[in-house]
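The values are calculated or read from the model by the stated rules, or taken from the named source; none is laboratory data. Please read these numbers as outputs of a predicted model, since none were measured by experiment. Note that we place each Cβ from the backbone using ideal geometry, even for glycine, and neighbour counts take in every protein chain shown. Heads up: the accessible areas ignore ligands, DNA and RNA and are worked out on the full protein's heavy atoms, side chains in. Shrake-Rupley method; radii C 1.70, N 1.55, O 1.52, S 1.80 Å.
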Amino acid sequence: MNIELLAVAELAARDAGQIILAALNQPRRPDYKGQTDLVTKTDQECEDLIIKHINSEFPGHSILAEESGAQDTKSDYQWVIDPLDGTTNFVHGYPSFGVSIACLRSGIPEVAVILELPVNRLFTAVKGQGAFVDGHKIKVSNTETLNESLLVTGFGYDHGNKWEANMKLFKHFTDKSQGVRRLGAAAIDLCHVACGFVDGFWEFDLKPWDMAAGILMVSEAGGKVSQLNGINIDIYQDHILATNGNIHEIMLEHTKPVLESLL
């Protein structure tokens, strides 16, 4: 079954990627979900296309998508879709955005596909079978210490207590590591952990579609994923820590008290 799920996810991601790349050279007119949270016609076209692919092959499956919300069929299988992760980057032509598709069975990610754009790298993972980019197996980095690490994070659109807390973590980890990057697309950040470009990623204020595929990608690449307090990851919580495993506990020493200060 997972092979069939993967084939549909790959085809849907590739087709959505073609729409996105074709739109890059066209005028992009965003609407606003919030004061600075953008959505474009391209997001909506890609989501419609991905859902069409899924419904064609698996009409009984549930779907949770960023723009259209939930279609709950009570199936054991649920697709979680971000048709264009990094919309703000896309609107400005900044090269870090992509398509993220996961299929969960009983709440556990079984299949993940993330198409990184505009470089057109296809990341795939199937539970228990490893993670790959363009068909080549990938693994997390071997970096053993925080001070040797390159990290990545992100910031939500709500500049409240969580944003302030993350600024403190940003400063701390910048002091303790070789640097912290902020690219603006969580799914792509998680892929970069999975393939060893960076050694760790954390973020607040995420949605299920930001994380679902990336969680499986990092896990299948040999990394570790949890909530910021070390509890098992839950896509319906809004925070995540994903690392190569070696630096996970030391990062938790700093993320856990910050998270607890918000509760």
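Applying the criterion of being in a helix (DSSP H, G or I) and open to solvent by 10 Å² or more (accessible area, probe 1.4 Å) to the residues of the stretch 201-212, the residue that is farthest from Lys256 (Cα to Cα) is Trp209. Close contacts from the stretch 123-152, counting a first residue that is under 23 Å from Asp175 (Cβ atoms) and free of Cβ contacts under 8 Å to residues at least 40 places away in the same chain and a second that is open to solvent by 20 Å² or more (accessible area, probe 1.4 Å) and not in a loop (DSSP other than H, G, I, E, B), with Cβ to Cβ under 9 Å and a gap of 6+ residues or different chains, come to Asn147/Lys176. From the list Ile54, Ile50, Ile81, the lone residue that is closer than 25 Å to Glu116 by Cβ, open to solvent by less than 10 Å² (accessible area, probe 1.4 Å), modelled with pLDDT of 90 or more and in a strand (DSSP E or B) is Ile81.
Here Asn147 passes the criteria (1) over 19 Å from the mean Cα position of the chain (by Cα); (2) assigned to a helix (DSSP H, G or I); (3) surrounded by 13 or more Cβ atoms within 10 Å (Cβ to Cβ) except the one numbered (3).
Restricting the first member to the stretch 239-263 and to residues that are at positive phi, and the second to residues that are open to solvent by 10 Å² or more (accessible area, probe 1.4 Å) and polar (S, T, N, Q), no beta-carbon pair is closer than 9 Å while six or more apart or on different chains. Being open to solvent by less than 20 Å² (accessible area, probe 1.4 Å) and over 19 Å from Val133 (Cβ atoms) holds for only one residue in Leu228, Leu216, and it is Leu228.
Looking at the stretch 177-200 only, could you name the residues that are more than 14 Å from the chain's Cα centre (by Cα) and open to solvent by less than 100 Å² (accessible area, probe 1.4 Å)?
Residues satisfying the conditions are Ser177, Gly179, Val180, Gly196, Val198, Asp199.
Determine whether the stretch 215-226 contains at least one residue that is among the β-branched types (Val, Ile, Thr), touching a residue at least 60 places away in the same chain (Cβ under 8 Å) and over 17 Å from Phe97 (Cβ atoms). Can you show your working first?
Step one: list which residues in the stretch 215-226 are among the β-branched types (Val, Ile, Thr), which gives 215, 218, 225.
Among the residues that remain, those that are also touching a residue at least 60 places away in the same chain (Cβ under 8 Å) are: 215, 218.
If we keep only those that are over 17 Å from Phe97 (Cβ atoms) as well, we get 215, 218.
Scanning the stretch 215-226 turns up at least one residue that is among the β-branched types (Val, Ile, Thr), touching a residue at least 60 places away in the same chain (Cβ under 8 Å) and over 17 Å from Phe97 (Cβ atoms).
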